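J.: I have a structure I would like to understand better, so I am pasting it below and will then ask my questions one at a time.
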Amino acid sequence: MNQNVTNRQLVLLIMLLSITGTLMQPHAQAIFYAEQHAYLSYIPVFLVMVASLWMLSRVQRRFPDQDLFESLVERFPFFGRMTGIMYILFFLFIFARDIRLIGDYISITLLETTPISIIVLTLLVMAVFIVRGGLGSLIGMSELYVTLFVLNSLILPFMLIKQINMDNLMPYFDIDVAGVGKGSWYIFSFFGEMIAIPFVVKGSDFRFKSVMGGITFAALLMMLIIIETILAVGVPIASRLVYPSYELARQLQISDFLDRFDLALAAVTLPTLITKIAFDLYFVCWGLKRMIPKVSGKVMTGPVALIGFVCAFWFFKNAVQLFRFTREWTWIGILFEVLLPIIIFIFLRPRKKGMNDRKATDGTKPKQHSNEEKSNKTSQERDESDKGKREGHQGGELQPS
């Protein structure tokens, strides 16, 4: 049964899915093509995702007590299951990619001597225990760690005042539209992973007003972070870094005694990344439970996690291959984040009253009137006959005996 989700929790879940992966990788590629105007790359992505989630919110209105998995299977048993299986495989790949991405990040920046396989296994163990707690555990961790991440991101500009160089944004109005479009291409597949929300949240809780707020806040926050990266690090350096956000954190220095403030930021960022991995695993297990009702989602967490572990090292040999795959991955992301939502909207959207229904209702009205007229006539005839009987027996002239 779906757990109830409040407006605040829905906003935090959207930010969890849209921020974590985007913060890790595609910013460097967006800066490489769009240069100092890389923050504008979020505008086309924002508009596309608003349209996609608006269509799914309209679909969810029709099925208020069901998530999108249930509504697809109930309305179209065969094609609905095929669509659900495609989304399960899509997020299984995202699960394997996120495991490898975060494992490489921890191995390169924090634990250089620890084997990456041990790091990934540790992440999987934590993700499995989180998923066994259900959606409530994911929501609780999102309320804690996503909120802390947002607060740190808002405080960060005040800590970077000494490192900020406004010349890095010049020329301010010489915008390379083609470069901004390429930057949007690399960002889109990561930012659009919020498309998973209607599949795990029932229709009555998937409110478009909250969804719109979550997308807007996430886009503005990521634009702020990418502007800070350009101002503090510069376009030439930031465009060649694998993890520009980590380099941004390393620029922080509080007086002379604390020059590794990035460790404090990592202590808040890592739990958010682990929560994102747990959500990917939860989505796959929840989808399998919807497609095969007899399967237990808790039992599937371990096997699915091991499959993701194997795929993480099977699909990507190193971090460079993972970094370059973003360009091709966007083609797959467009299919699941734009095209399939349009198809689902066409077949499952709320239908208006058709012309046949209107004609049927108009045709019933004269019949009702005729029935009423007949009933009135019969009642009048009965009254007249009763009146005649009363006059014959009591009010008439006496007959001779």
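The values are calculated or read from the model by the stated rules, or taken from the named source; none is laboratory data. Keep in mind that what you see is a predicted model, and the values were worked out from it rather than measured. Methodologically, a virtual Cβ is constructed for each residue, glycine included, from the backbone with ideal geometry; neighbour enumeration extends over all protein chains shown. Note: accessible area is taken over every heavy atom of the protein model, side chains too, but ligands, DNA and RNA are not part of it. Shrake-Rupley method; radii C 1.70, N 1.55, O 1.52, S 1.80 Å.
J.: Which distance in Å, rounded to a whole number, links the C-alpha centroids of region 214-246 and region 144-167?
T.: 11
J.: In Å, what is the Rg of the alpha-carbon atoms in region 163-247, and how long is Dmax?
T.: So, for region 163-247, Rg and Dmax equal 16.4, 49 Å respectively.
J.: While we're here: Note down the accessible area of Tyr172, probe 1.4 Å, to the nearest 10 Å².
T.: 100
J.: Quick one: net charge around Lys317, please, counting Lys, Arg +1 and Asp, Glu -1 for every other residue with C-beta under 15 Å from its C-beta.
T.: Numbers: positive: Arg97, Arg100, Arg324; negative: Asp104.
With Lys, Arg at +1 and Asp, Glu at -1, the net is +2.
J.: Which of the peptides 109-117, 342-350 is most tightly packed, and how do the rest follow, judged by the mean count of other Cβ atoms within 10 Å per residue?
T.: Packing order, densest peptide first, comes out as 342-350, 109-117.
J.: Now for a different question. Roughly how many nanometres apart are two label points built 7 Å out from the Cα toward the Cβ at Val50 and Leu111?
T.: 4.2
J.: Just order 279-288, 226-235, 153-162, 46-55 by mean Cβ neighbour count inside 10 Å, highest at the front, would you? Before the final figure, lay out the partial values.
T.: Details: 279-288: 25.3, 226-235: 22.1, 153-162: 13.2, 46-55: 18.8.
Going from most to least packed, we get 279-288, 226-235, 46-55, 153-162.
J.: Could I ask something else about it? Using a/c under 1.5 as the rounded threshold, could you call region 1-143 rounded, prolate or oblate? The axes a ≥ b ≥ c are square roots of the C-alpha gyration tensor eigenvalues, and prolate needs a/b larger than b/c, oblate otherwise. Kindly include the intermediate steps, with their values, before the conclusion.
T.: On the way: a/c = 1.91, a/b = 1.30, b/c = 1.47.
Because a/c hits 1.5 or more and a/b fails to exceed b/c, region 1-143 counts as oblate.
J.: What percentage of the solvent-accessible surface of region 74-232, computed with a 1.4 Å probe over protein heavy atoms, is contributed by carbon and sulfur atoms? Provide the component values of the computation, followed by the final result.
T.: On the way: 4950 of 6860 Å².
Accessible surface attributable to carbon and sulfur in region 74-232 totals 72 percent.
J.: Then there's this: Taking Cα centroids, how far is region 300-329 from region 25-69 in Å?
T.: If you average the Cα positions of each part, the centres end up 23 Å apart.
J.: Using a Förster distance of 30 Å, how high is the FRET efficiency between Asp65 and Trp314, based on the Cβ-Cβ distance and rounded to 0.05?
T.: Numbers: r = 39 Å, r/R0 = 1.32.
Taking R0 as 30 Å, the efficiency between Asp65 and Trp314 is 0.15.
J.: What does the accessible area per residue of region 99-145 come to in Å², with a 1.4 Å probe and no ligands, DNA or RNA counted? Intermediate results must be reported in sequence, preceding the final value.
T.: On the way: 1980 Å² over 47 residues.
Per residue, region 99-145 has an accessible area of 42 Å².
J.: Let me ask you something else. Indicate the gyration tensor shape class of region 71-192 (rounded, prolate or oblate), computed on the Cα atoms with a ≥ b ≥ c the square roots of the eigenvalues: a/c under 1.5 is rounded; otherwise a/b larger than b/c is prolate and the rest oblate.
T.: Values: a/c = 1.95, a/b = 1.35, b/c = 1.45.
Judged from the Cα gyration tensor, region 71-192 comes out oblate (a/c at least 1.5, b/c at or above a/b).
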